[in-house]
Structure formats: C-alpha cells, structure tokens
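Okay, structure first, notes after.
The values are calculated or read from the model by the stated rules, or taken from the named source; none is laboratory data. Because the structure is a prediction, the values reported are computed rather than measured. Note that each Cβ is placed from the backbone with ideal geometry, even for glycine, and that neighbours are counted across all protein chains shown.
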Amino acid sequence: MAVSVTNQSTPLGNQIVEDTAATNSAQDNVIGGSGTLYAVEIVNPNVSAVYFKLANSATATAGTTAADMVLMCPGSVTRSFILPAGVLFNVGFSHWCVTGAAESDTTPPGSDVTARYVTG
C-alpha cells in the first residue's frame with residue numbers, strides 16, 4: 001500500500017491524501033490528527049463496486065470499526081464526492097476499502113483502488 005500526504009501551502013492550508021492501493025487493511029490516522037474533509041475521489045478499476053470507508057478514529061480495523069462515512073464507487077469508474085461545507089473529523093482520518101457496504105465486510109477489492117481526499 002502506498003499512502004502519501006501532500007501539504008498545500010497557503011491560502012489553502014489543506015492536505016491531499018492519496019492511497020494508490022486502498023484495500024481492507026486500514027490506514028490509521030493518516031494526517032496525524034483532526035481536520036475537515038472537503039473532497040474524496042475514488043478510482044475503481046474493478047468490474048464490481050467497492051466501498052471506501054472513513055472513520056473518525058486514530059485506529060481502525062476493517063470488519064469491526066464502524067465507519068463514519070461509506071462511499072460507494074461502481075465498477076470501472078472514477079467517482080468524486082465534493083463536500084463544500086466539509087465534514088469534521090475531530091480525532092483523525094483512518095480509511096480502508098472493501099467490496100461490501102456492511103460494517104462486517106472485510107473482502108478486499110480484486111485490483112488496486114486509488115483513493116484521494118482533501119482535508120483542511
């Protein structure tokens with residue numbers, strides 16, 4: 001898995017998180033603290049839908065941690081979700097990607113899913 005965080009200079013002061021291999025293994029507290037979520041982009045090369053999950057948490061485990069946000073991306077498409085007012089994550093950003101919407105789902109996507117999101 002390759003997760004990177006890019007700090008944006010002022011006036012934005014945002015961070016862009018990119019995971020080029022989002023899977024069922026949670027990436028914990030990727031920016032190191034709290035922030036506001038403004039946008040998410042999911043690139044799904046799989047023929048079936050995937051579910052990108054974000055938890056307001058310093059640690060997460062696919063299948064047991066309740067996601068605060070679940071975003072479905074159909075197969076073979078790129079989807080962007082824009083949140084103009086933002087959504088506050090007051091603990092941290094932890095994320096993972098699976099093939100089912102249920103909280104208990106732990107099935108990884110067949111091919112690497114890329115997920116990017118903007119925090120502030």
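Data table
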| read-out | value |
| --- | --- |
| Region 3-31, subset at pLDDT 95 or above and of a type in the set (Gly, Ala, Ser), residue nearest to Leu83 (Cα to Cα) | Ala22 |
| Any chance Tyr51 is more than 15 Å from Thr119 (Cβ to Cβ) and of a type in the set (Phe, Trp, Tyr) | yes |
| Listing of strands (runs of 3 or more DSSP E) fully contained in region 1-118 that carry 2 or more residues being without any contact (Cβ under 8 Å) to a residue 12 or more places away in the chain and either loosely packed, with under 13 Cβ neighbours inside 10 Å or not β-branched (Val, Ile, Thr) (or both) | none |
